[in-house]
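The values are calculated or read from the model by the stated rules, or taken from the named source; none is laboratory data. Everything numeric in this text was worked out from a predicted model, so none of it was measured. Positions of Cβ are generated from backbone atoms using ideal geometry, with glycine treated the same way; all protein chains shown enter the neighbour counts. What goes into the accessible areas is simple: the full protein's heavy atoms, side chains included, and nothing from ligands, DNA or RNA. Shrake-Rupley method; radii C 1.70, N 1.55, O 1.52, S 1.80 Å.
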Amino acid sequence: MFARLKNLDERIFDNITRIHKPAMNKIMLTASRMGNAGIVWWFVCLGFLIHPYWRFTGLVIIFAIGLTSLMGEGIIKHTVKRVRPCHEMEEEDKLMNNPRTFYSFPSGHTASSFAVTSVIIFSGCPVYVCLPIALFSATIGFSRVYLRVHYLTDVVVGMLLGTVCGIASVMLFNAIVPPEVFYNIQY
């Protein structure tokens with residue numbers, strides 16, 4: 001089974017390499033960098049924290065990012081120890097510098113992106129908020145494969161991990177402090 005997954009990852013790499021273009025490289029680098037340390041998601045979270053009605057969702061986002069990071073970066077990556085594809089490539093084939101972390105499974109950028117996305121969706125945010133965030137999360141995930149710092153399976157598992165952690169965070173917060181109680185607090 002693992003041999004099949006590795007073969008699939010390699011074939012996808014080969015196919016994505018065919019669409020590499022200078023303009024697309026810049027777009028993917030920008031998307032990937034916005035996911036560094038969850039920068040874009042902290043700004044999204046700040047927007048939620050500022051607005052009293054959505055402050056509860058902002059707190060859930062913070063928790064979900066922390067939980068996802070603990071699970072993915074803290075536990076899974078150091079248990080699986082899958083080497084990033086870029087560490088096995090020639091320098092001239094790389095589209096960006098090697099990331100700080102050596103291991104790739106699961107994609108932390110993708111996991112945190114989908115944690116935020118799932119919190120926003122399951123917190124009942126309007127579609128005009130959910131859709132752009134979901135699309136940008138998918139773009140960040142794709143950029144990681146495009147830039148050759150992750151395999152497709154790293155990104156897929158990152159999506160699953162982030163989604164599970166995001167949903168679990170919403171459920172946990174709703175069980176501890178129902179949103180109705182939080183929204184009735186006077187500011």
Q. Any idea which of (1) touching a helix residue (DSSP H, G or I) at 6+ places or on another chain (Cβ under 6 Å); (2) open to solvent by less than 50 Å² (accessible area, probe 1.4 Å); (3) under 24 Å from Y151 (Cα atoms) is the one E73 doesn't satisfy?
A. (2)
Q. For region 2-14, does any single residue satisfy the condition of being on the phi > 0 side of the Ramachandran plot, open to solvent by 70 Å² or more (accessible area, probe 1.4 Å) and either under 15 Å from the mean Cα position of the chain (by Cα) or not small (G, A, S) (or both)?
A. no
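Within the group L5, L70, which residue is modelled with pLDDT under 85, under 18 Å from F105 (Cβ atoms) and of a type outside the set (S, T, Y)?
Within the list L5, L70, the selection yields L5.
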(Q) I'm trying to understand the selection: among the residues of region 43-70, which are surrounded by fewer than 18 Cβ atoms within 10 Å (Cβ to Cβ), aromatic (F, W, Y) and in contact with a helix residue (DSSP H, G or I) (Cβ under 8 Å, 6 or more places away or on another chain)? (A) Y53
Q: Quick one: in region 134-187, of everything that is of a type in the set (A, V, I, L, M), within 16 Å of T110 (Cβ to Cβ) and not in a helix (DSSP H, G or I), which residue is modelled with the highest pLDDT?
A: L147
Q | Test: residue in region 121-132 that is at pLDDT 80 or above, assigned to a helix (DSSP H, G or I) and in contact with a Gly (Cβ under 9 Å, 6 or more places away or on another chain) | A | yes
Q: State which residue is modelled with the highest pLDDT when the search covers only region 82-93 and only residues that are under 19 Å from the mean Cα position of the chain (by Cα) and in a loop (DSSP other than H, G, I, E, B).
A: R82
